[in-house]
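Worksheet: the structure to be examined is printed underneath.
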Amino acid sequence: MPGFIQASPLQRIHSRFFADLEVWIKRDDMLHPVVSGNKFRKLKYSLPALSATGASTIVSMGGPWSNHLHALAYACKERGLSSIGLIRGLRKPSDPLTPTLQDCLAQGMKLQFVSRDDYRTLRDSDSYWRQILEFDLQGHSWLPEGGSSTLALRGVSEIVVEVQQALGGDPDFVICACGTGTTLAGIVAGLAGRGTAIGIAALANADFLNTKVNQLLEQAHYPNYTNFETVKEFDHGGFAKTTPALIEFCQEFEQETMIPLEPVYTGKMMYAVAQLCRQGRFSPQQKIVLLHTGGLQGRRGFTQT
Ligand SMILES: Cc1ncc(COP(=O)(O)O)c(C=O)c1O
(Lines give C-alpha, C1' and ligand atoms only; values in the text may rest on other atoms or scores of the structure.)
Protein backbone atom coordinates (compact mmCIF):
# COMPACT_ATOMS: atom_id res chain seq x y z
CA MET A 1 0.00 0.00 0.00
CA PRO A 2 1.54 3.38 -0.94
CA GLY A 3 2.72 5.44 2.03
CA PHE A 4 3.08 2.42 4.29
CA ILE A 5 6.34 1.84 6.19
CA GLN A 6 7.72 -1.70 6.48
CA ALA A 7 8.00 -1.99 10.27
CA SER A 8 6.70 0.48 12.82
CA PRO A 9 9.23 2.00 15.24
CA LEU A 10 9.72 0.49 18.69
CA GLN A 11 10.31 3.47 20.95
CA ARG A 12 11.50 3.51 24.58
CA ILE A 13 9.12 5.50 26.79
CA HIS A 14 10.72 7.77 29.35
CA SER A 15 7.89 8.91 31.57
CA ARG A 16 7.33 9.61 35.23
CA PHE A 17 4.38 7.21 35.03
CA PHE A 18 6.77 4.30 34.35
CA ALA A 19 9.77 5.38 36.42
CA ASP A 20 12.46 2.64 36.80
CA LEU A 21 10.70 0.31 34.38
CA GLU A 22 11.75 -0.68 30.87
CA VAL A 23 8.69 0.29 28.87
CA TRP A 24 8.59 0.41 25.08
CA ILE A 25 5.87 1.45 22.70
CA LYS A 26 5.31 -0.15 19.31
CA ARG A 27 4.22 2.82 17.21
CA ASP A 28 1.75 1.16 14.87
CA ASP A 29 0.03 4.54 14.71
CA MET A 30 2.91 5.48 12.40
CA LEU A 31 2.45 2.59 9.94
CA HIS A 32 0.34 4.48 7.46
CA PRO A 33 -1.30 7.93 7.39
CA VAL A 34 -4.84 6.47 7.07
CA VAL A 35 -4.79 2.69 7.56
CA SER A 36 -2.85 2.82 10.79
CA GLY A 37 -2.46 0.70 13.89
CA ASN A 38 -4.17 -2.63 14.26
CA LYS A 39 -6.38 -1.82 11.25
CA PHE A 40 -3.44 -2.16 8.92
CA ARG A 41 -2.41 -5.44 10.56
CA LYS A 42 -5.92 -6.86 10.47
CA LEU A 43 -6.57 -5.99 6.85
CA LYS A 44 -3.13 -6.96 5.53
CA TYR A 45 -4.09 -10.57 4.72
CA SER A 46 -7.86 -10.59 5.09
CA LEU A 47 -8.58 -8.04 2.38
CA PRO A 48 -6.46 -9.73 -0.33
CA ALA A 49 -8.03 -13.08 0.68
CA LEU A 50 -11.57 -11.70 0.28
CA SER A 51 -10.56 -10.16 -3.02
CA ALA A 52 -9.11 -13.50 -4.17
CA THR A 53 -12.50 -15.17 -3.62
CA GLY A 54 -13.85 -12.86 -6.32
CA ALA A 55 -15.47 -10.34 -4.00
CA SER A 56 -15.84 -6.92 -5.56
CA THR A 57 -17.52 -5.22 -2.58
CA ILE A 58 -16.66 -5.58 1.10
CA VAL A 59 -19.52 -5.06 3.56
CA SER A 60 -18.73 -4.37 7.19
CA MET A 61 -20.11 -2.62 10.26
CA GLY A 62 -19.11 0.03 12.77
CA GLY A 63 -20.12 3.04 14.81
CA PRO A 64 -20.18 6.65 13.56
CA TRP A 65 -16.54 7.08 14.70
CA SER A 66 -15.34 3.64 13.59
CA ASN A 67 -11.59 3.42 13.02
CA HIS A 68 -12.22 0.13 11.25
CA LEU A 69 -14.62 1.56 8.65
CA HIS A 70 -12.38 4.58 8.19
CA ALA A 71 -9.41 2.32 7.35
CA LEU A 72 -11.51 -0.13 5.35
CA ALA A 73 -12.94 2.54 3.06
CA TYR A 74 -9.43 3.70 2.19
CA ALA A 75 -7.93 0.21 1.84
CA CYS A 76 -10.78 -0.96 -0.41
CA LYS A 77 -10.39 2.03 -2.67
CA GLU A 78 -6.64 1.34 -2.91
CA ARG A 79 -7.35 -2.23 -4.03
CA GLY A 80 -10.06 -1.24 -6.49
CA LEU A 81 -12.80 -2.74 -4.30
CA SER A 82 -16.12 -1.14 -3.39
CA SER A 83 -17.17 -0.94 0.24
CA ILE A 84 -20.37 -0.63 2.24
CA GLY A 85 -20.54 0.35 5.91
CA LEU A 86 -23.51 -0.64 8.07
CA ILE A 87 -23.58 2.11 10.67
CA ARG A 88 -24.86 1.70 14.24
CA GLY A 89 -27.97 3.78 14.95
CA LEU A 90 -30.72 5.16 12.71
CA ARG A 91 -30.28 8.79 11.73
CA LYS A 92 -32.51 11.63 10.53
CA PRO A 93 -31.43 13.08 7.16
CA SER A 94 -30.84 16.40 8.98
CA ASP A 95 -28.36 14.84 11.47
CA PRO A 96 -24.79 15.82 10.56
CA LEU A 97 -22.36 13.05 9.60
CA THR A 98 -19.30 12.61 11.78
CA PRO A 99 -15.97 13.56 10.16
CA THR A 100 -15.16 9.83 10.17
CA LEU A 101 -18.20 8.99 8.05
CA GLN A 102 -17.57 11.99 5.81
CA ASP A 103 -14.10 10.53 5.15
CA CYS A 104 -15.64 7.11 4.45
CA LEU A 105 -17.99 8.66 1.91
CA ALA A 106 -15.11 10.57 0.33
CA GLN A 107 -13.32 7.23 -0.18
CA GLY A 108 -16.40 5.90 -1.98
CA MET A 109 -17.88 3.80 0.85
CA LYS A 110 -21.66 3.54 0.74
CA LEU A 111 -23.34 3.95 4.12
CA GLN A 112 -26.47 2.30 5.45
CA PHE A 113 -27.69 3.22 8.93
CA VAL A 114 -29.15 0.34 10.92
CA SER A 115 -31.11 0.20 14.17
CA ARG A 116 -29.27 -0.71 17.36
CA ASP A 117 -31.24 -3.99 17.45
CA ASP A 118 -30.11 -4.87 13.93
CA TYR A 119 -26.58 -3.88 14.85
CA ARG A 120 -26.59 -6.31 17.78
CA THR A 121 -27.87 -9.09 15.52
CA LEU A 122 -25.15 -8.32 12.97
CA ARG A 123 -22.61 -8.86 15.74
CA ASP A 124 -24.02 -12.29 16.54
CA SER A 125 -24.59 -13.56 13.02
CA ASP A 126 -22.22 -13.64 10.06
CA SER A 127 -25.12 -13.88 7.60
CA TYR A 128 -27.67 -11.32 8.88
CA TRP A 129 -26.14 -8.58 6.70
CA ARG A 130 -27.60 -10.40 3.67
CA GLN A 131 -31.12 -9.93 5.07
CA ILE A 132 -30.88 -6.22 5.76
CA LEU A 133 -28.57 -4.91 3.06
CA GLU A 134 -30.38 -2.32 0.92
CA PHE A 135 -27.92 -2.79 -1.94
CA ASP A 136 -27.54 -5.51 -4.58
CA LEU A 137 -25.76 -8.55 -3.03
CA GLN A 138 -23.82 -9.63 -6.15
CA GLY A 139 -20.07 -10.06 -5.46
CA HIS A 140 -20.38 -8.90 -1.85
CA SER A 141 -18.36 -10.36 1.02
CA TRP A 142 -18.69 -9.80 4.75
CA LEU A 143 -15.99 -8.61 7.13
CA PRO A 144 -17.13 -8.70 10.78
CA GLU A 145 -17.03 -5.76 13.19
CA GLY A 146 -13.57 -4.35 13.85
CA GLY A 147 -12.13 -6.42 10.97
CA SER A 148 -12.15 -9.49 13.19
CA SER A 149 -11.18 -12.57 11.19
CA THR A 150 -8.81 -15.52 11.45
CA LEU A 151 -6.45 -13.91 8.94
CA ALA A 152 -6.39 -10.77 11.07
CA LEU A 153 -4.50 -12.79 13.69
CA ARG A 154 -1.75 -13.56 11.21
CA GLY A 155 -1.31 -9.89 10.38
CA VAL A 156 -1.27 -8.85 14.06
CA SER A 157 1.11 -11.67 15.02
CA GLU A 158 3.79 -10.02 12.85
CA ILE A 159 3.97 -7.23 15.44
CA VAL A 160 5.59 -9.69 17.82
CA VAL A 161 8.20 -10.72 15.25
CA GLU A 162 9.09 -7.07 14.68
CA VAL A 163 9.32 -6.49 18.45
CA GLN A 164 11.58 -9.52 18.92
CA GLN A 165 13.86 -8.31 16.12
CA ALA A 166 14.06 -4.80 17.54
CA LEU A 167 14.68 -5.96 21.13
CA GLY A 168 16.97 -8.82 20.14
CA GLY A 169 14.86 -11.19 22.24
CA ASP A 170 11.45 -11.83 23.69
CA PRO A 171 9.50 -9.15 25.57
CA ASP A 172 8.13 -10.17 28.97
CA PHE A 173 4.82 -8.44 28.33
CA VAL A 174 2.98 -7.14 25.29
CA ILE A 175 -0.01 -5.01 26.24
CA CYS A 176 -2.80 -3.72 24.01
CA ALA A 177 -6.28 -2.21 24.21
CA CYS A 178 -9.19 -4.57 23.51
CA GLY A 179 -12.48 -4.08 21.71
CA THR A 180 -13.35 -7.33 19.93
CA GLY A 181 -10.23 -9.09 21.32
CA THR A 182 -8.83 -9.82 17.85
CA THR A 183 -5.67 -7.79 18.34
CA LEU A 184 -5.00 -9.51 21.66
CA ALA A 185 -5.53 -12.91 20.01
CA GLY A 186 -3.04 -11.96 17.27
CA ILE A 187 -0.46 -10.95 19.88
CA VAL A 188 -0.97 -14.25 21.72
CA ALA A 189 -0.54 -16.09 18.42
CA GLY A 190 2.70 -14.20 17.75
CA LEU A 191 4.09 -14.78 21.26
CA ALA A 192 3.64 -18.52 20.68
CA GLY A 193 3.67 -19.29 24.40
CA ARG A 194 6.54 -16.96 25.39
CA GLY A 195 5.96 -13.99 27.68
CA THR A 196 2.51 -12.70 28.61
CA ALA A 197 -0.02 -10.72 26.60
CA ILE A 198 -2.28 -8.37 28.54
CA GLY A 199 -5.45 -6.92 27.03
CA ILE A 200 -6.99 -3.81 28.56
CA ALA A 201 -10.74 -3.77 27.95
CA ALA A 202 -11.84 -0.46 26.44
CA LEU A 203 -15.51 -1.32 26.99
CA ALA A 204 -17.76 -2.41 29.86
CA ASN A 205 -19.07 -5.98 30.30
CA ALA A 206 -15.93 -7.42 28.73
CA ASP A 207 -16.24 -10.87 30.27
CA PHE A 208 -16.54 -12.30 26.76
CA LEU A 209 -12.95 -11.37 25.91
CA ASN A 210 -11.12 -14.45 27.21
CA THR A 211 -13.54 -16.80 25.46
CA LYS A 212 -13.31 -14.75 22.28
CA VAL A 213 -9.51 -14.90 22.25
CA ASN A 214 -9.63 -18.68 22.75
CA GLN A 215 -12.21 -19.05 19.96
CA LEU A 216 -10.21 -16.94 17.52
CA LEU A 217 -7.02 -18.89 18.25
CA GLU A 218 -8.85 -22.16 17.69
CA GLN A 219 -10.54 -21.00 14.48
CA ALA A 220 -7.19 -19.80 13.13
CA HIS A 221 -5.58 -23.17 14.06
CA TYR A 222 -3.17 -21.87 16.68
CA PRO A 223 -2.51 -23.91 19.85
CA ASN A 224 -4.70 -22.99 22.82
CA TYR A 225 -2.13 -20.69 24.41
CA THR A 226 -2.93 -19.57 27.94
CA ASN A 227 -0.25 -16.91 28.41
CA PHE A 228 -2.66 -13.99 28.28
CA GLU A 229 -4.88 -12.09 30.65
CA THR A 230 -7.47 -9.37 30.38
CA VAL A 231 -7.87 -6.37 32.67
CA LYS A 232 -11.39 -4.99 32.91
CA GLU A 233 -11.41 -2.31 35.57
CA PHE A 234 -10.21 0.62 33.43
CA ASP A 235 -13.12 1.10 31.02
CA HIS A 236 -13.93 4.56 32.48
CA GLY A 237 -17.66 3.94 32.26
CA GLY A 238 -17.84 2.07 28.96
CA PHE A 239 -16.95 2.25 25.30
CA ALA A 240 -15.89 5.75 24.20
CA LYS A 241 -16.75 7.07 27.68
CA THR A 242 -14.14 9.12 29.48
CA THR A 243 -13.45 10.42 32.97
CA PRO A 244 -11.67 13.66 33.90
CA ALA A 245 -8.82 11.50 35.28
CA LEU A 246 -8.39 9.78 31.90
CA ILE A 247 -8.42 13.02 29.93
CA GLU A 248 -5.97 14.64 32.33
CA PHE A 249 -3.69 11.60 32.12
CA CYS A 250 -3.72 11.62 28.32
CA GLN A 251 -2.84 15.32 28.24
CA GLU A 252 -0.01 14.93 30.76
CA PHE A 253 1.37 11.85 29.02
CA GLU A 254 1.31 13.53 25.63
CA GLN A 255 3.04 16.63 26.93
CA GLU A 256 5.72 14.56 28.62
CA THR A 257 6.44 12.07 25.83
CA MET A 258 5.13 13.75 22.66
CA ILE A 259 3.34 10.46 21.87
CA PRO A 260 -0.22 11.21 20.68
CA LEU A 261 -3.05 9.29 22.36
CA GLU A 262 -6.78 9.02 21.83
CA PRO A 263 -8.96 8.31 24.87
CA VAL A 264 -11.01 5.43 23.40
CA TYR A 265 -8.31 2.76 23.14
CA THR A 266 -4.61 3.56 23.51
CA GLY A 267 -5.27 6.31 26.09
CA LYS A 268 -7.23 3.86 28.26
CA MET A 269 -4.53 1.22 27.81
CA MET A 270 -1.77 3.67 28.80
CA TYR A 271 -3.75 4.86 31.83
CA ALA A 272 -4.30 1.25 32.92
CA VAL A 273 -0.62 0.37 32.54
CA ALA A 274 0.34 3.42 34.63
CA GLN A 275 -2.01 2.15 37.37
CA LEU A 276 -0.64 -1.41 37.12
CA CYS A 277 2.89 0.01 37.46
CA ARG A 278 1.83 1.91 40.58
CA GLN A 279 0.39 -1.32 41.96
CA GLY A 280 3.80 -3.01 41.49
CA ARG A 281 2.68 -5.38 38.73
CA PHE A 282 6.02 -5.19 36.88
CA SER A 283 9.70 -5.34 37.87
CA PRO A 284 12.64 -3.31 36.47
CA GLN A 285 14.19 -6.44 34.88
CA GLN A 286 11.17 -6.98 32.65
CA LYS A 287 10.71 -5.65 29.14
CA ILE A 288 7.20 -4.28 28.72
CA VAL A 289 5.97 -3.48 25.23
CA LEU A 290 2.81 -1.40 24.77
CA LEU A 291 1.05 -1.44 21.44
CA HIS A 292 -0.14 1.86 20.00
CA THR A 293 -3.10 0.70 17.94
CA GLY A 294 -3.58 3.98 16.07
CA GLY A 295 -7.12 5.30 15.70
CA LEU A 296 -5.97 8.88 16.07
CA GLN A 297 -8.60 10.02 13.57
CA GLY A 298 -11.11 9.36 16.39
CA ARG A 299 -9.63 12.23 18.40
CA ARG A 300 -11.83 14.52 16.34
CA GLY A 301 -14.75 13.29 18.45
CA PHE A 302 -13.14 14.61 21.64
CA THR A 303 -12.82 18.35 21.83
CA GLN A 304 -11.13 18.11 25.26
CA THR A 305 -8.05 16.26 23.95
C1 LIG B 1 -7.49 2.20 17.72
C2 LIG B 1 -7.99 0.87 18.16
N3 LIG B 1 -7.29 0.22 19.11
C4 LIG B 1 -7.70 -0.97 19.58
C5 LIG B 1 -8.85 -1.56 19.11
C6 LIG B 1 -9.28 -2.87 19.68
O7 LIG B 1 -8.96 -3.89 18.79
P8 LIG B 1 -9.73 -5.28 18.81
O9 LIG B 1 -11.11 -5.02 18.29
O10 LIG B 1 -8.93 -6.11 17.89
O11 LIG B 1 -9.74 -5.76 20.20
C12 LIG B 1 -9.61 -0.92 18.12
C13 LIG B 1 -10.86 -1.51 17.57
O14 LIG B 1 -10.90 -2.36 16.78
C15 LIG B 1 -9.16 0.32 17.62
O16 LIG B 1 -9.84 1.00 16.68
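Numbers below:
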| item | result |
| --- | --- |
| G199 vs. criteria within 8 Å of the ligand (Cβ to nearest atom), over 29 Å from Q285 (Cα atoms), in the same structural domain as K232 (by TED's automatic domain parsing) and surrounded by 24 or more Cβ atoms within 10 Å (Cβ to Cβ) | no |
| Residue in the range 77-85 that is among the β-branched types (V, I, T) and either open to solvent by 100 Å² or more (accessible area, probe 1.4 Å) or within 29 Å of D29 (Cβ to Cβ) (or both) present | yes |
| Residue within the range 271-289 that is in contact (Cβ under 8 Å) with a residue 40 or more places away in the chain, within 11 Å of the ligand (Cβ to nearest atom) and crowded, with 17+ Cβ neighbours inside 10 Å present | no |
| Hey, T257 open to solvent by less than 40 Å² (accessible area, probe 1.4 Å) and either outside the structural domain of G155 (by TED's automatic domain parsing) or modelled with pLDDT of 95 or more (or both) or not | yes |
| Qualifying residue in the range 12-25 (condition: buried (at least 24 other Cβ atoms within 10 Å of the Cβ) and among the basic types (K, R)) | no |
| Subset of the range 35-48 (residues that are away from the ligand (no atom under 13 Å from the Cβ) and open to solvent by 20 Å² or more (accessible area, probe 1.4 Å)) | K44, Y45, P48 |
| Enumerated helices (runs of 4 or more DSSP H) restricted to the range 89-179, each holding at least 2 residues that are over 28 Å from A52 (Cβ atoms) and either within 16 Å of the ligand (Cβ to nearest atom) or not assigned by TED's automatic domain parsing to the domain that holds F208 (or both) | 99-106, 116-124 |
| Residue list for the range 155-166, filter: out of contact with any strand residue (DSSP E or B) (no Cβ under 6 Å at 6 or more places or on another chain) and surrounded by fewer than 20 Cβ atoms within 10 Å (Cβ to Cβ) | E158, V161, E162, Q164, Q165 |
| All positions within the range 180-192 that are away from the ligand (no atom under 13 Å from the Cβ) and open to solvent by 10 Å² or more (accessible area, probe 1.4 Å) | G190, A192 |
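One line per residue, one yes/no per condition, for (1) β-branched (V, I, T); (2) in contact with a Pro (Cβ under 6 Å, 6 or more places away or on another chain):
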position: T242; (1), (2): yes, yes
position: E252; (1), (2): no, no
position: Y265; (1), (2): no, no
position: K287; (1), (2): no, yes
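The values are calculated or read from the model by the stated rules, or taken from the named source; none is laboratory data. Keep in mind that what you see is a predicted model, and the values were worked out from it rather than measured. Glycine gets a Cβ as well: all are built from the backbone with ideal geometry, and neighbour counts include every protein chain shown. Only protein heavy atoms, including side chains, enter the accessible area calculation; ligands, DNA and RNA are left aside. Shrake-Rupley method; radii C 1.70, N 1.55, O 1.52, S 1.80 Å.
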